[in-house]
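Peer 1: Attaching a single structure in structure tokens format; questions to follow.
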Amino acid sequence: MASERKLGLFGAIVTGLGGAIGFEIFALLNYAYFDLGGPSMISALAFCGIINLITMLSYSELSAAIPEVGGEYTYTKVAFGGFISFMAGCLRWLASIFGGALAAVVFVDQLGMFFSVFAPSIQEIILANISVLIVGLVIILVILAIRGVEEATTLIVGTFLAIFIIFLAMSTKYTLTPQNIVPEASPTSAMYFFATAAYLFPMFVGMRALVSAAPQIKNPGKNVPRALMITTVVLTVVYFAVAYVAVGAVPISGEITGDEFPLLNLAASAIMGPVGAILFALAGIVASVSSVGTAMMVQSSVLGGMSRDGYLPAEIQRVHKRFGTQYIAVIASSLFVIFFGVSGAVAFLGYAASFGSLLVFALVNLSLIQLRRKMPRMDRPFKAPLYPLTPIAGIVMSVLLLTFPVVLRDVNAESALLSSFGMVAIVLVTYYLRMVKREIDFNRLRVAVGGICFGAGVTLIILAPVIVPSSLFNIIIIVGGLVSILAGILHILASTRKID
């Protein structure tokens, strides 16, 4: 309804920045700087901004043409139908799960940083009870989410920008160590550069909140594309500047490894003193709490939408009688956040959140291509320039960022990718069994068997090193898993067209 559209261009920009500027900058810079790219991490950030800008052009066209609730899920549903849209929703849900878990870990980390300035003994207690604090945080936020408590997005964005501006202004009086931010011209350096970009990519994906808010934005055909472009540029410039100063203030050395303190907190302490350390720790706490709450609401929204369309049990979209929120979906999602959050594995969670988002970005670009072919006369207030080069470039870049961390045999990336595939396989089995329940026939039964084979194959590959230590038997089990995956894919491809 037109009366519901209350956000102008400025409100849309604030929404995009509010979704993007958060805990990620406190969590992801460490591993990217100290373990992957070194100073070239700054160039990787700029590269992420370019990739994000390319895909945001596709988002702009789709959101202007289809300004409805659901975002990526809705775009893929209109373009491809049920199965692909279900996959997009599933991947969006997974990325939010891992992102929420990472935010919970960052909350505990920044809480410890806050007390480290004036009460180190309390920091030790905090670090010794990480799991308890994560569980407590999620439970509190679940209660608030069920009650429908809203956050002050404009205030949070304004506070963050103010803190970053103060940090950058004070850095002008601090002697920064010159750094070579351009990666070396070698294959190995290139692979590390792409791996660093893949790991840092979640710092940008939060601006999709702007797309989700399209139904509340005035004149979405013009304001959404403009807001997406402005938000992308502002975000890239801010991240680049903050990272450049942080790297110059904390050069890599044998004494500083980043294992004990986050890069951004170290830089703030060096440039601004104890006040900076406290200020950035508080900002990290607020950002992480806000992000965990937002992640759970996004997860419940995605699950509720898929339940509404019949892909998941109807009980998931059950609404609380008093507060009007989907409490079953909120509680179900929170359990996954707790499960992954108590692991405390920042690098693993960062990669996992990135992989899910990159796959969603690839599907969005594919949806743009499909809709241009399928609905050439659709009203498009905004069209992505340089079509089809724009969406193709977005797809290629997403695939590259997915590939290089695994090629480098980064253990965190491999674990994240396999865990993501395992969870997707489980949800796929649920989807196909749900479809069989609707209408039992040979075609749907074949698809269900395909989903089960795929899930079983992924599970075998994940568990192979744990089940059998011997490398020979590992290879046998992995080959068996690959065969099972191939069988599942063949079953699914043979039947998907008829189902959709």
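The values are calculated or read from the model by the stated rules, or taken from the named source; none is laboratory data. What you see is a predicted model, and the numbers here were worked out from it, not measured in a lab. Neighbour counts run over all protein chains shown; Cβ positions are idealised from the backbone, glycine included. Each accessible area value is taken on the protein alone, full model and side chains, heavy atoms only, with ligands, DNA and RNA left out. Shrake-Rupley method; radii C 1.70, N 1.55, O 1.52, S 1.80 Å.
Peer 1: How many residues are assigned to a helix (DSSP H, G or I) and among the β-branched types (Val, Ile, Thr) if we restrict to the stretch 177-232? Outline the logic, then answer.
Peer 2: Taking the stretch 177-232 first, the residues assigned to a helix (DSSP H, G or I) are 187-200, 202-212, 214-216, 220-232.
Imposing the further condition that a residue be among the β-branched types (Val, Ile, Thr) reduces the set to 188, 196, 205, 211, 224, 230-232.
Number satisfying all stated conditions: 8.
Peer 1: Turning to a different aspect of this structure: Where residues in the stretch 52-102 are outside any helix (DSSP H, G or I) and in contact (Cβ under 8 Å) with a residue 60 or more places away in the chain, which of them is farthest from residue 9 (Cα to Cα)? First the steps, then the outcome.
Peer 2: If we filter the stretch 52-102 for residues that are outside any helix (DSSP H, G or I), which is where we start, we get 66-71, 81.
Filter again for in contact (Cβ under 8 Å) with a residue 60 or more places away in the chain, leaving 67-71, 81.
Details: 67: 15, 68: 18, 69: 19, 70: 20, 71: 19, 81: 32 Å.
Result: 81.
Peer 1: Being open to solvent by 50 Å² or more (accessible area, probe 1.4 Å) and either assigned to a helix (DSSP H, G or I) or of a type in the set (A, V, I, L, M) (or both) is the filter here, so list the residues in the stretch 116-134 that pass it.
Peer 2: Here is the first cut: in the stretch 116-134, the ones open to solvent by 50 Å² or more (accessible area, probe 1.4 Å) are 117-118, 120-122, 124-125, 127-133.
Scanning the stretch 116-134 gives 117, 120, 121, 122, 124, 125, 127, 128, 130, 131, 132, 133.
Peer 1: Run down 42, 50 and say which single residue is at pLDDT 85 or above, among the aliphatic types (A, V, I, L, M) and either open to solvent by 20 Å² or more (accessible area, probe 1.4 Å) or outside the structural domain of residue 187 (by TED's automatic domain parsing) (or both). So that I can check it myself, show each step before the final result.
Peer 2: Details: 42 fails: either open to solvent by 20 Å² or more (accessible area, probe 1.4 Å) or outside the structural domain of residue 187 (by TED's automatic domain parsing) (or both).
Being at pLDDT 85 or above, among the aliphatic types (A, V, I, L, M) and either open to solvent by 20 Å² or more (accessible area, probe 1.4 Å) or outside the structural domain of residue 187 (by TED's automatic domain parsing) (or both) holds for just one of 42, 50, which is 50.
Peer 1: Now for a separate question. Restricting attention to the stretch 37-44, does a residue exist that is touching a helix residue (DSSP H, G or I) at 6+ places or on another chain (Cβ under 8 Å) and under 23 Å from residue 392 (Cα atoms)?
Peer 2: Looking for residues that are touching a helix residue (DSSP H, G or I) at 6+ places or on another chain (Cβ under 8 Å) and under 23 Å from residue 392 (Cα atoms), one finds at least one in the stretch 37-44, hence yes.
Peer 1: Suppose the filter is under 21 Å from residue 227 (Cα atoms) and buried (at least 24 other Cβ atoms within 10 Å of the Cβ); does residue 63 pass it? Even if it seems obvious, please write down each step before you answer.
Peer 2: Numbers: under 21 Å from residue 227 (Cα atoms): yes; buried (at least 24 other Cβ atoms within 10 Å of the Cβ): yes.
Yes.
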